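None of the figures in this text is laboratory data; all of them are computed from the coordinates on show. Being a predicted model, the structure only gives us computed values, none of them experimental. Cβ: placed from backbone, ideal geometry, glycine included. Neighbour counts: every protein chain shown.
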């Protein structure tokens, strides 16, 4: 169909799978709209064109894909962390600069001081670390059958609290099947399905006919002994297909089609009508497409017996219910979105434990924007939706502070897939859906989606560790340099020492990308305020420890200025390793084992700087006892004392 058109006369059977993703054809009657991009599979009709080009449903879908774009939460986080650290650094720099000018420090010393401050305060490694963590996360997801096409979506997935599930191809198998056979008047199930197959044709590629024929073959029933002498394919105007069949020495007529039509051809119509209507109500309530089958007893083609009903549906994936229950345990609300009618939506949602609180999208459209948001948050799903409806639902949820995941497989899902924080294209998706999504699944079912969310939450925990470690390091560093400047009127850390400190800190924190972490049972939200407060507590405790160490180096060991700078540098380096070790765990440090790479990097840094401190090489050397004292001093205070206060702080701030 090249344009949106209104039916004036006649009836059509239309395949709308390109628009709605639903595999069953839809019967169109006069005054109905047939949309551009759909395919006519049967019938004849006169139509009047109502929309063309970009104004059609298909055209508006293409336009929505162009404008759809989720907000970059990663950029917000980077800017917020950088801003907080710059505030800390600028305040400290302003205080020391004013004091330096007041006491007459020369301009070169002040420039050196500013350079060291900026080196420590600006998180130059943040973008690189974020990319490394996300890239390694993408590799982990690839092993689970998940291809990541937009890196920042990995981290966004950890915060998802609502996931919109496209029914067809995600919850169901996107494969029409015979789900129920109901025989009448003493006929068997095999009689009903065999007669239905004989009233079907393979040549026309009708999806219902092919489904029935394949089902018969799967049961092992023999069709080769029967021959169709004539066949009339299904047509929306007559609502049935029929065939004259010869086989096993008999010639008979079989018809298959809409139950209300088929029953009128049967001799026992009046007796069966009440039972039939009751059965149809039950099957309709389950959302099944129901066909009736009738057959003549011989060559009296005008005398037909009603032999049974066939119920067709797109079956649910075996793992759908368990995975949706797992999503709920992860505190994620599932919402079903489908182009199917409301009965099918309710039955599918009930079977997979999403809930039965489903309404038609037309009811939602009649509401105001504020009421729409309330309804979307309240209900379990929406039926009879089109592409722009899915996109609108995602946008409305995002406008109310929700992080949204969206699954889909068709062109119709592309705008919503692109707009969602995590757009998930399932394994059998169209190329357009895959191009619009941020994650593409290579395996079927919902299990991989659950795995993606769990891995994303692990990635969030690693980035949270990095952020807390970095902010607390800046607080410790700026406060120590400021206090040291007030006490000594000089910079207590050389530029070389600062360079070595940055190297030591970044070397170990890079290995956080593969650290051993557990995913949380709740969606993760970046609360920069609480993260900064927690980092402030740890940073200030480290400052107290640093001042104690400085006093010991100056007054107990009587170190001259160059050696005292080496002493402070080693103190900060060892601090950075033990700090990473305790902040990686939200509980006490012993609650989980660090990753292998992190353990190796911490040991390597401690050994390397221990040797550097003893042998000097590029810095003034210290004695073995002094270096080991710094190591024991920092380790005992951070692991033995600061970890306890860290635990209480994280618990209070719910990190």
### Message
Just to verify a number: FRET efficiency for residue 499 and residue 139, C-beta to C-beta distance, R0 = 35 Å, to 0.05?
### Response
0.70
### Message
I need the peptides 538-547, 52-61, 106-115 ranked by packing, meaning the mean over residues of other C-beta atoms within 10 angstrom, with the highest value on top.
### Response
538-547, 52-61, 106-115
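How high is the relative contact order of the chain? Use alpha-carbon pairs under 8 Å, at least six apart in sequence, and give a whole percent.
Rounded, it is 15 percent for the chain.
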#### Entry: Reciprocal mean inverse distance between Cα atoms of the chain - Kirkwood radius, Å
29.4 Å
### Query
222 nm [θ] for the chain, helices only, -39500 (n - 2.57) per DSSP H run of 4+, per residue, to 500?
-16500 deg cm²/dmol
### Query
Any idea what angle helix 269-285 forms with the longest principal axis of the chain, computed on alpha-carbon atoms, 0 to 90 degrees, nearest 10?
10 degrees
### Message
Give me the extension gain from residue 210 to residue 506: residue separation times 0.36 nm, minus the current Cα-Cα distance, reported in nm with one decimal.
### Response
100.4 nm
### Task
Could you tell me how many degrees, from 0 to 90 and to the nearest 10, lie between the Cα long axis of helix 596-615 and the main elongation axis, the longest principal axis, of the Cα atoms of the chain?
10 degrees
### Task
Rounded to the nearest 10 degrees, what's the angle between the helix 495-510 long axis and the longest principal axis of the chain, both from Cα atoms, 0 to 90?
30 degrees
### Query
Listing 117, 550 from the residue with the fewest other Cβ atoms within 10 Å to the one with the most, what is the order?
550, 117
### Message
Please compute the volume of the convex hull spanned by the alpha-carbon atoms of segment 4-60 and report it per residue in Å³.
### Response
63 Å³
### Query
Among bridges DSSP assigns within the chain, what percent are antiparallel (round to 5)?
75 percent
#### Entry: Highest-first arrangement of 76-82, 627-633, where packing means the average Cβ count within 10 Å
627-633, 76-82
### Convex hull of Cα atoms in segment 418-464, direction-averaged projection (nm²)
3.6 nm²
### Summary
Relative contact order as a percentage, segment 442-543, C-alpha pairs under 8 Å and 6+ apart, gives 53 percent
### Query
Using a basic spin-label model with each label point 7 Å from the Cα along Cα→Cβ, how many nm lie between residue 301 and residue 555?
11.4 nm
### Task
Rank these for me by crowding, 590, 466, going from fewest to most other beta carbons within 10 Å.
590, 466
### Proxy reagent accessibility, fewest Cβ within 10 Å first, across 266, 556, 47, 164
556, 47, 266, 164
### Ranked by how many other beta carbons lie within 10 Å on average, peptides 425-434, 602-611 from highest
425-434, 602-611
### Task
Run the numbers on segment 4-60 and let me know its relative contact order in percent, using alpha-carbon pairs under 8 Å that are six or more apart.
45 percent
